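A.B. asks: Sharing a structure below in structure tokens format, with a few things to ask.
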Amino acid sequence: MGPAGHRQVVQGYMLEPGQRVLVLCNLPPREMHGVMSQGGLLVASYADGQRVAVMPPASALLGDLLRESGERWPAIDLDAAENAWDRCSARLSTEAGGTVLVDGRPLMLAGEACTVSGGAGGNFT
């Protein structure tokens, strides 16, 4: 829960109890499987079919905003032919140690890198 309060997120991904994840909150609410979803999880996908949620660093507080160069990420309209998520996801990758990269640099939150347990080769399409 962050400054906006609780969010209900519908995602085809199983979380472990207490697992911390990054939630994309700049998505407009939409109905999924008969339930209103108010965001999306940031999940890396691998060639073998494995999907791994991005983990914020331990120092990150609930509700911390993910920023790039001090700027908030733009709102995402998934129905647009070319949308902000398409442009952003193409810039994300993972490296062998599990660090999530944006344009080859660590994706930072609260001064530390965000990670995945899947290692290198993750994509975010």
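The values are calculated or read from the model by the stated rules, or taken from the named source; none is laboratory data. Source: prediction; values computed, not measured. For neighbour counting, all protein chains shown are included, and Cβ atoms are generated from backbone atoms with ideal geometry for every residue, glycine included.
A.B. asks: What is the number of the single condition among (1) modelled with pLDDT of 75 or more; (2) more than 25 Å from residue 30 (Cα to Cα) that residue 88 does not meet?
C.D. replies: (2) is the only condition that residue 88 fails.
A.B. asks: Taking the conditions exactly as written (under 26 Å from residue 6 (Cα atoms), modelled with pLDDT of 90 or more and either exposed (fewer than 15 other Cβ atoms within 10 Å of the Cβ) or in contact with a Lys or Arg (Cβ under 7 Å, 6 or more places away or on another chain) (or both)), does residue 56 satisfy them or not?
C.D. replies: For residue 56, the condition - under 26 Å from residue 6 (Cα atoms), modelled with pLDDT of 90 or more and either exposed (fewer than 15 other Cβ atoms within 10 Å of the Cβ) or in contact with a Lys or Arg (Cβ under 7 Å, 6 or more places away or on another chain) (or both) - is met.
A.B. asks: With (1) assigned to a strand (DSSP E or B); (2) modelled with pLDDT under 85 as the list, and residue 93 as the residue in question, which single condition is left unmet?
C.D. replies: (2)
A.B. asks: Let me ask something else about it. What's the total number of residues in region 14-34 that are modelled with pLDDT under 85, closer than 17 Å to residue 63 by Cβ and not hydrophobic (A, V, I, L, M, F, W, C)?
C.D. replies: Number of matching residues: 1.
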